[in-house]
Number of protein chains: 2
Amino acid sequence: MSKERQILDAARRVFRDKGYYAASMQEIAHAVGLQKGSLYYYISGKQELLFRIFDEAIGSMIAQLESIRAMAVSPGERLRRAITAHTVAIADHPDTLGIVLRETRVLSPSQRDRIDDQRRHYERLLESILIEGIKAGQFREMDPRLITYALLGMTNWVHRWYNPSGRLSAEEIAAIFSDVLLHGITAEGEAANS
Amino acid sequence: MSKERQILDAARRVFRDKGYYAASMQEIAHAVGLQKGSLYYYISGKQELLFRIFDEAIGSMIAQLESIRAMAVSPGERLRRAITAHTVAIADHPDTLGIVLRETRVLSPSQRDRIDDQRRHYERLLESILIEGIKAGQFREMDPRLITYALLGMTNWVHRWYNPSGRLSAEEIAAIFSDVLLHGITAEGEAANS
C-alpha cells in the first residue's frame with residue numbers, strides 16, 4: 001500500500017474518532033509512522049486530506065450507483081438498493097460526510113466546485129432511476145427532481161441521529177425508508193415490493 | 001413595539017440578507033436607529049440574537065404543531081398540515097434555521113441544551129401524530145420514530161436547495177412531500193387523501 005493511501009486511511013480514522021476540527025496533523029503523522037514535517041511532503045494540510053477523503057467517498061458512491069443503475073432488476077429494486085447504499089455510506093462516515101454536508105466553507109472554492117459537480121452527478125443518477133421507473137409505469141407520474149431531494153434529505157439526515165450501537169442497523173433503517181418511499185411512489189396496481 | 005422586539009426583527013432580517021457570519025452588530029443597531037454601544041444595553045451580542053430568534057421560531061413551530069394536533073380532522077390531514085407548516089418554516093427562514101441545523105457550535109452549551117429540549121419536544125409532537133394514525137388504523141404498523149426522522153430529513157433538507165424564486169413554492173413542495181409520505185404510510189384499504 002502506498003504511503004499516500006496509508007495517510008488517507010489514517011486521516012479518515014482520525015477524523016472519524018476525533019472529529020475534523022479536533023484532529024491534528026501530528027496524530028495523522030504518528031499513525032503512519034512519519035514525522036509531522038514529512039507528512040507535508042505528501043499532502044498540503046488537513047483541508048486537502050478532507051477534500052481527498054470526500055472526493056474518494058463520493059467517487060465510490062457514484063461508481064456504486066452506476067452499477068446499481070445498470071442492474072437487470074426492476075426500477076423499484078434499483079431504488080431500494082440505491083437507498084441502502086446511500087444510507088450505509090452516510091452511517092459509515094457520519095463525521096466526514098457530516099462535515100462536508102454541514103460546512104462546505106471548510107473547502108477552497110475550487111475544491112467546493114469539484115465536490116458540487118460530483119454531488120450533482122450523483123443526484124442526476126438517482127433521479128434517472130426515478131425517471132426510468134416512471135417511464136416503465138412502475139412509479140406514479142410525479143416530479144422526479146423533488147422525490148430525489150426527498151430521498152436525499154431522508155437519508156442524509158441519518159448522519160444527525162444515527163447511533164452505531166442503537167437498536168437499528170443502517171441496513172434496517174434503509175429497509176424502512178425504502179419501504180415507505182416505494183409505497184409512496186408506486187403506481188396504482190403495481191406492487192411496491194417488486 | 002418594544003425596542004427589544006424591534007431589535008429581534010431587525011436582526012432576523014439582517015441575518016437573512018447577509019448571513020449570520022457576515023452580519024454585524026453595527027448594521028443591526030443602524031436598522032433600529034441605535035448606536036452600536038446602546039444595542040448592548042438590550043442584548044449581549046450576535047450569538048444571543050441568534051439564540052433568541054431560533055428559540056422564538058421553534059417556540060412558534062411548537063405552538064403551531066400543538067394546534068394542528070388538536071384539530072378535529074383525520075390523522076392523515078393532521079400530518080399533511082404538519083408537513084406544510086414545517087416546510088414553510090424552513091423555506092421562510094433558511095438562513096437562521098440553516099445555521100442552527102448546521103452548526104449548533106455557534107450556541108453556548110446552555111443555549112444548545114435549551115434548543116435541543118425544544119427540538120425533542122417538537123419531534124415528540126410529530127411522532128404522536130403518527131402514533132395516533134397507527135392506532136386509528138389509518139397508517140400502517142411501522143416505526144413512528146423512524147418515520148418522524150424521515151419526515152424531518154425530507155423537510156429540513158429543503159433549506160439546502162430551496163430557491164424562493166424557483167418553480168415551486170414551499171406549499172407546493174410540501175404538497176408533493178405529503179402526497180408521497182401519506183401514500184407511503186397509509187394502511188391498505190384506507191385513502192391517502194383523507
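The values are calculated or read from the model by the stated rules, or taken from the named source; none is laboratory data. Computed from a prediction, not measured in an experiment: that's the story for all the values here. Here the Cβ is made from the backbone with ideal geometry for all residues, glycine too, and neighbour counts use every protein chain on show.
Values for this structure:
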quantity: Looking only at region B:150-168, and only at residues there that are touching a residue at least 12 places away in the same chain (Cβ under 8 Å) and under 12 Å from A:L146 (Cα atoms), the one that is nearest to the other protein chains (Cβ to nearest Cβ); calculated: B:M154
quantity: Positions within region A:118-159 being surrounded by fewer than 18 Cβ atoms within 10 Å (Cβ to Cβ) and small (G, A, S), in sequence order; calculated: A:S128, A:A136, A:G137
quantity: Selection count where residues are of a type in the set (G, A, S) and buried (at least 19 other Cβ atoms within 10 Å of the Cβ), scope region B:160-194; calculated: 5
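Residues checked against (1) more than 12 Å from chain B (Cβ to nearest Cβ); (2) modelled with pLDDT of 85 or more; (3) within 21 Å of A:S74 (Cβ to Cβ):
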site: A:D92; (1), (2), (3): yes, no, no
site: A:G98; (1), (2), (3): no, no, no
site: A:V106; (1), (2), (3): no, no, no
site: A:S110; (1), (2), (3): yes, yes, no
site: A:D113; (1), (2), (3): yes, yes, no
site: A:S178; (1), (2), (3): no, yes, yes
